[in-house]
There are 4 protein chains.
Amino acid sequence: MNQLLVKENSHLLVSRAMHPQNTQVNIKGCIVGGEKTVVVAGPCAIESEELLKETAFKVRAAGASILRGGAYKPRTSPYSFQGHGEEGLKILARVGQEMNMPVVTELMDSQDIELVVDYTDVLQVGARNMYNYSLLKKLGRLDKPVLLKRGISATIEEWLLAAEYILAGGNHQVIMCERGLRSAEPWTRNTLDLSGVALVKEISHLPVMVDPSHGTGVRSLVNPMARAALAAGADGIMVEVHPHPEKAFSDGPQSLTPKGFSQLMRELDPIARACGRRVK
Amino acid sequence: MNQLLVKENSHLLVSRAMHPQNTQVNIKGCIVGGEKTVVVAGPCAIESEELLKETAFKVRAAGASILRGGAYKPRTSPYSFQGHGEEGLKILARVGQEMNMPVVTELMDSQDIELVVDYTDVLQVGARNMYNYSLLKKLGRLDKPVLLKRGISATIEEWLLAAEYILAGGNHQVIMCERGLRSAEPWTRNTLDLSGVALVKEISHLPVMVDPSHGTGVRSLVNPMARAALAAGADGIMVEVHPHPEKAFSDGPQSLTPKGFSQLMRELDPIARACGRRVK
Amino acid sequence: MNQLLVKENSHLLVSRAMHPQNTQVNIKGCIVGGEKTVVVAGPCAIESEELLKETAFKVRAAGASILRGGAYKPRTSPYSFQGHGEEGLKILARVGQEMNMPVVTELMDSQDIELVVDYTDVLQVGARNMYNYSLLKKLGRLDKPVLLKRGISATIEEWLLAAEYILAGGNHQVIMCERGLRSAEPWTRNTLDLSGVALVKEISHLPVMVDPSHGTGVRSLVNPMARAALAAGADGIMVEVHPHPEKAFSDGPQSLTPKGFSQLMRELDPIARACGRRVK
Amino acid sequence: MNQLLVKENSHLLVSRAMHPQNTQVNIKGCIVGGEKTVVVAGPCAIESEELLKETAFKVRAAGASILRGGAYKPRTSPYSFQGHGEEGLKILARVGQEMNMPVVTELMDSQDIELVVDYTDVLQVGARNMYNYSLLKKLGRLDKPVLLKRGISATIEEWLLAAEYILAGGNHQVIMCERGLRSAEPWTRNTLDLSGVALVKEISHLPVMVDPSHGTGVRSLVNPMARAALAAGADGIMVEVHPHPEKAFSDGPQSLTPKGFSQLMRELDPIARACGRRVK
C-alpha cells in the first residue's frame, strides 16, 4: 500500500533499514543528532543589526548553539513585511561571525540558492515549500546542511520523501523539523505532532528538531512543548526570541523574551538529562 | 468572540480564574492532580477474570495505581465484540478489590449509570460520548469521579464546556483525558495533542491525564508519547496493557505487554523527577 | 483492510450489494428516496407555538414536505438555551397535525425514546450522537423512520456502520444526512462533503439528505450548496427557516427567512428537473 | 480579526468590493467567467504525442474547450515519473495548435517561467505551490492567464491572498481552481469544498473552476461532483481524461475514458442550463 512506502521500502535513503545508526549533521562543529540537544534561537525576522546582535548575545549566553533569523519571509499577505532580503542575509552573516555562532535562514526561491548559500551555515526549507520539489532537487546538489520543515498538513511519508529528494541528489546533511499541523483548534496556531517526531526517529536515521514557537503560536505553550519534544526524543529545539515581542514585525505573540529563553533553558536541562542527553 | 468563551468568562466553574489552585481528585486515596503522577493501566476490554487478574497483578507490581478495563465497548461495527457488560463489571470490581486497586470503566448509556456506578471508582466518558450532554448532566448529579476523554475532533473549548456540564451539576471531581485528535496521518490512529494538555492546565484547575495508547494506536510510540506527556505537565497516564496483545479482542496493536509496561515505568520515573514529581 | 469494510463486505445490510434497489422511506405518505426530492424545513429550535405555526405555514406554502424543529438542543455550553423539552414536542406535534405535515425532531438521550417517539414522525440522531451506539441499538428496535446525521468528523465507513447498528436491529427505515465536516476553514462552520453523498448513494441503498444550513453556517451559502447537493444526487434537503433570524434563540446566522426559502425552492426546481427529479 | 482580512479590507484587488463585476479571463477567445461554463480536459501527464493527440481529438469532439497536460509533475516520491519536461511542453504546444485548442500546463519552478510561458496559454500553479510566493510574484509580472489551484489545506483567505500576490504585480488574469482539501476520509483522495467555490464567487470577482478528478481521486465521483460544481456556481470544470486509464503513468484511478467524458458532458449540459448557462 502506497501509504507505507517508506516502511516497506527499505532501499530508501532516508530509511533506518538502509542506515541503522543515527545521522549526525555537523554545523561548524555543532553536531545535530549527537548526545547534546541543540538549541536554535533568534528572531522570526532580521529587523536590524542592533536587534539581532542583542538577541544573539543573550541567547548565546543562555546556551543557544545556533542563531536563526529570516531575511525572506513567506507572508500570507503580499502587503505584510517580506523581509530585508540580501541586506538581511549580510546582517545575519556578520552577527553570526561576530558571535561565533553558526546561522540558519530560510530560502524561498530556487533562484536565490547561490546568493543565500554564501551567507548561511544551514539552509532552511519552510513548511510552505516542503512540496517544492524543484527547490529540494537543487538543495540535493549542494554540500550544505538543510533544515527541512514539515509541510502544513504533510503526512510523515510525504515529509520523509521530501527529504529523500535531497538525499537522492547526494546531500545527506538533512535535519527534519516538526512545526505543527494545521488543525481546527482555534486557540493554537498549529497542532504540534510530537508522535511524528518519535515516528521519524524510529523509521529514519535523520535527526529531528522541533519548533514549538510556530508549532503552537502561543508564548505560554512554548516551554511545555519544548520540554515534551525533548522527552519524545527530539535532537533539538528551534525557538523564536525577540527582545521586544510586542514590537516584533512578525510572530510577536509566540516569541520568547531573552529572559523567557533563559528560563526555558533551565527547564530543558533536567529533561535532557533524564533522557541521557544534555542541552549545554 | 465565541471561541474564547472559556478564557474570557472567568465565571465558568472549570476556569482557573474561578479556582486558582489545582483541583485534586481523590480516588480511594489515590490523588490525581497532586505531586505524584498517576498511572492507570489495564486491558482495553475485560476478556476474562484470569486475564484481568494477571494483568492487574503485573501492572500493580510495576507501579500502576489504578486498574482500567472495558465492560461496554464502543465499536465501529455492530458485529465486533461489544464487551461483556454487567458480567465484565463484576469481574472488574472483584479484581480491583482483590488487588486493592481502584478501578475505572467506560459508561456508554445514561440508562446504565445506576448499574455501573456501583462497580467502579471512576466513571469514564469515552471520546465518542464527550458531546452526549444528557449523559454529562446525569454525571453531574453523582458523587463519583469522572474521567472525561476529549472528543475525536473536539476543540479545547468544547472539551472544557463538556466538563462544565458536569461541574454545573455539582460534581467537581472531573479528570480531563487527552486521547488524540483525528487527523489525515495514516501511520497513527490519532494525533496526540499535548499542547492541549498544557493549555488546559493553564486555563483550568482540573487535572489532565493522557492516553498515549489510543492517542497513537502504535505500540512503539506509547513510551515516547507518555514521556512527552509528563514533560508537558500531565497529571497522569492511561495505558493499555495486555499479557498477549496479539490475541487481544481489541486494540492489540497499541497494547503494551506487562514487560513493556515495566520498561515504560522505568522511563517515566526520571522524567517525572525532572518535572519535580514522581511516578511511584 | 479495515477502512474498506463496507465495500468489501457485501453482507452488510446497508450495502447496495445486499439490496440493489434504492430504499424508499415512507413518512406518512411522503417518500424519501423516490422521484421527488424531499425538502424538510423549519426553525432550529421550537421557540413558541406561534412562531412554529407561522414558519410551518410559510414553508409548506413554498413547497416543503416535512417540518423540523428542535425540542432538545445539544449546545456546547450548559448555560445556552437547551430547548423546551416535552412542551416543545407537544407544540411540534400539534402544529404538524394542524398543517398536515409530518414532523422530525432530534432525540438526545436513549431514556427519552418512549416519550419522543409518540410526538414525531421521524427520529433525528444528531451529529454529536452518531457514535452513541446504545441509542442506535434502541432505535433499531423501533418501527419509526430515523434520520441519521453524519458525525462531526466521521468517515463514510463509520457513518454507514452507524446505520448498520440500526438496520441490524430490524429497523430498515434509515435516512442518511450529510451536515458538514469539521475543518480548519474559519469562514464556514463546517465543510460540506458532497462527495460523501455521492459515495453513499453508490455503495449503499439508503436515501441521503443534505443539511446546507449546519453544513455551512452561512446564510448566503445555503442556496448554492442546496443546489449542488441535488446535482450530486441527494434525495432531499433539510434547511433552517426562521421568520426573524436575527432574533432566533440559536443558529440565526444560517437560517433563511420564509422569503429566502421561497427563493431557494425556485432555484432548486430547475436543478431537480435537470436531474430527472422534481421538488414539488 | 485577521481571518476576515479579505472581507473587511475592501481595498484588496481580489475583492468584489473593489471590482463588482465578474472578471472574465480571455484565453485565445475562450472566455472563463462568462455565460459559457468552460471545460478543460486532458491527461494528467503528457506521455506521448500520439496519446495526447488522441485524447485532445476526443475531448474536443465531446465539447472541451481547453486541453490540459503535465510536462512537470510534482510527485511525492523522487523515484516516480517526473514528467517529460521541455519535450512534453513541445508536444503540448504542437497538439494544441493542431487541434486549435488553447492549452494549460503546470509550472513548478520560478526558473522555468521563461521556458514554459512560450509553450502554454495558461500557466497553472499547482496546489503544492500555492504558498510559493516568489513564484506568484513573478507570475504577477507576466501578461498571461494563471490558473491558481487551492493549496492542500489552504483557507479561503490564504487562497485569495495568494491570488492577490499575482494581481498586485499587475496581472489580473487569474482563475481560481478548487481541487479538494486534505481530510481524514480514506475513501477519497481529498474532500472537495464546493462551499469554497460559492464563497469565493461571493467575495471576489475572479472566476472559479473546479477539478473533481483530484478533488475526489475516484472516477465514479467525478461526474456527480462536476454536476454539483456547476450547480454551486463554478465557471468551469477541469477533468483528467486518458484513453487507457489503467495504463496511465499517474492518476489512472481518477481519470475518465473519452467515452466517460462524453457522458459527463451530456450530464453537465442540463445542469448548466438550469443555472442559466451552457457548456457548449
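The values are calculated or read from the model by the stated rules, or taken from the named source; none is laboratory data. Computed from a predicted model, the values in this text were never measured in an experiment. Cβ coordinates were reconstructed from backbone atoms using ideal geometry, including for glycine residues, and neighbour counts include every protein chain displayed.
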Next item on the list: Quick one: count up the residues across the range B:175-201 that are more than 7 Å from chain A (Cβ to nearest Cβ), under 25 Å from A:P212 (Cα atoms) and among the hydrophobic types (A, V, I, L, M, F, W, C).
Entry: 4
Notebook entry, point to check: Which of (1) of a type in the set (D, E); (2) surrounded by fewer than 21 Cβ atoms within 10 Å (Cβ to Cβ); (3) more than 20 Å from D:Y72 (Cα to Cα) does D:D235 not meet, given it meets every other one?
Noted result: (2)
Next item on the list: Please work out which residue is farthest from C:L142 (Cα to Cα), limiting yourself to the range C:177-190 and to residues that are free of Cβ contacts under 8 Å to residues at least 12 places away in the same chain and not charged (D, E, K, R).
Entry: C:P186
Notebook entry, point to check: Looking at (1) part of a strand (DSSP E or B); (2) touching a residue at least 40 places away in the same chain (Cβ under 8 Å), can you tell me which one A:E106 breaks?
Noted result: (2)
Note to self: Suppose the filter is under 18 Å from the mean Cα position of the chain (by Cα) and crowded, with 23+ Cβ neighbours inside 10 Å; does B:A93 pass it?
What the structure shows: no
Margin query: Being away from every other protein chain (no Cβ under 14 Å), buried (at least 23 other Cβ atoms within 10 Å of the Cβ) and either under 17 Å from A:M176 (Cα atoms) or among the small types (G, A, S) (or both) is the requirement here; does A:V32 meet it?
Written below: yes
Checklist line | Selection within the range A:129-163 - in contact with a Phe, Trp or Tyr (Cβ under 8 Å, 6 or more places away or on another chain) and of a type in the set (D, E, K, R) | finding: A:K137, A:R150, A:E157, A:E158
Note to self: What's the total number of residues in the range B:203-217 that are over 19 Å from B:I66 (Cβ atoms), at the interface with chain A (Cβ under 10 Å from one of its Cβ atoms) and of a type outside the set (G, A, S)?
What the structure shows: 2
Next item on the list: Return the total of residues in the range C:254-275 being within 14 Å of chain D (Cβ to nearest Cβ), in contact (Cβ under 8 Å) with a residue 24 or more places away in the chain and not hydrophobic (A, V, I, L, M, F, W, C).
Entry: 2
Next item on the list: For residues that are assigned to a loop (DSSP other than H, G, I, E, B), under 20 Å from D:Y72 (Cα atoms) and facing chain D (nearest Cβ under 9 Å), tally how many sit in the range A:136-174.
Entry: 2
Notebook entry, point to check: Of these, D:A71, D:A56, which one is surrounded by 24 or more Cβ atoms within 10 Å (Cβ to Cβ) and in contact with a Ser or Thr (Cβ under 6 Å, 6 or more places away or on another chain)?
Noted result: D:A71
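Per-residue answers, yes or no, for (1) aromatic (F, W, Y); (2) in a strand (DSSP E or B); (3) in contact with a helix residue (DSSP H, G or I) (Cβ under 6 Å, 6 or more places away or on another chain):
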{"site": "D:K90", "(1), (2), (3)": "no, no, no"}
{"site": "D:T120", "(1), (2), (3)": "no, no, no"}
{"site": "D:Q124", "(1), (2), (3)": "no, yes, no"}
{"site": "D:Y131", "(1), (2), (3)": "yes, no, yes"}
{"site": "D:S134", "(1), (2), (3)": "no, no, yes"}
Item checked: Residue list for the range A:36-81, restricted to those being within 14 Å of chain D (Cβ to nearest Cβ) and of a type outside the set (V, I, T) -> A:G70, A:A71, A:Y72, A:K73, A:P74, A:R75, A:S77, A:P78, A:Y79, A:S80, A:F81
Check: What is the one condition in (1) touching a residue at least 40 places away in the same chain (Cβ under 8 Å); (2) crowded, with 23+ Cβ neighbours inside 10 Å; (3) closer than 18 Å to D:E240 by Cβ that D:S80 does not satisfy?
Finding: (2)
Notebook entry, point to check: When C:R227 is evaluated against the numbered criteria (1) in contact with a strand residue (DSSP E or B) (Cβ under 8 Å, 6 or more places away or on another chain); (2) modelled with pLDDT of 95 or more, which criterion, by number, is the only one it fails?
Noted result: (1)
Item checked: Subset of the range A:96-109 [hydrophobic (A, V, I, L, M, F, W, C), under 15 Å from A:K28 (Cα atoms) and buried (at least 23 other Cβ atoms within 10 Å of the Cβ)] -> A:M101, A:V103, A:V104
Note to self: I'd like the residue in the range A:73-107 that is aliphatic (A, V, I, L, M) and out of contact with any Gly (no Cβ under 7 Å at 6 or more places or on another chain) and, out of all such residues, is farthest from A:Q124 (Cα to Cα).
What the structure shows: A:M99
Next item on the list: Taking only the range A:240-253 into account, find how many residues are more than 14 Å from every other protein chain (Cβ to nearest Cβ) and outside any helix (DSSP H, G or I).
Entry: 7
Next item on the list: Report the residue count in the range A:218-228 for those that are at the interface with another protein chain (Cβ under 7 Å from one of its Cβ atoms) and buried (at least 24 other Cβ atoms within 10 Å of the Cβ).
Entry: 5
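Residue by residue, here is whether (1) of a type outside the set (D, E); (2) surrounded by 21 or more Cβ atoms within 10 Å (Cβ to Cβ); (3) without any contact (Cβ under 8 Å) to a residue 60 or more places away in the chain; (4) closer than 17 Å to A:G33 by Cα holds:
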{"site": "A:Q111", "(1), (2), (3), (4)": "yes, no, yes, no"}
{"site": "A:T120", "(1), (2), (3), (4)": "yes, yes, yes, no"}
{"site": "A:N132", "(1), (2), (3), (4)": "yes, yes, yes, no"}
{"site": "A:L136", "(1), (2), (3), (4)": "yes, yes, yes, no"}
{"site": "A:P145", "(1), (2), (3), (4)": "yes, yes, no, yes"}
{"site": "A:R150", "(1), (2), (3), (4)": "yes, yes, yes, no"}
{"site": "A:I175", "(1), (2), (3), (4)": "yes, yes, no, yes"}
{"site": "A:L192", "(1), (2), (3), (4)": "yes, yes, yes, no"}
Margin query: Out of everything in the range A:199-217 that is closer than 14 Å to A:C177 by Cβ and of a type in the set (D, E, K, R), what residue ends up being surrounded by the fewest Cβ atoms within 10 Å (Cβ to Cβ)?
Written below: A:K201
Check: Looking at this structure, is D:A232 touching a residue at least 60 places away in the same chain (Cβ under 8 Å), under 20 Å from D:Q24 (Cα atoms) and within 9 Å of chain C (Cβ to nearest Cβ)?
Finding: no
Checklist line | Close pairs (7 angstrom Cβ cut-off, 6 or more residues apart or separate chains): under 14 Å from C:I166 (Cβ atoms) and outside any strand (DSSP E or B) in the range C:13-27, at pLDDT 95 or above and among the aliphatic types (A, V, I, L, M) anywhere | finding: C:L13/C:L167; C:L13/C:A168; C:V14/C:L160; C:V14/C:A163; C:V14/C:L167; C:V14/C:L206; C:T23/C:L206
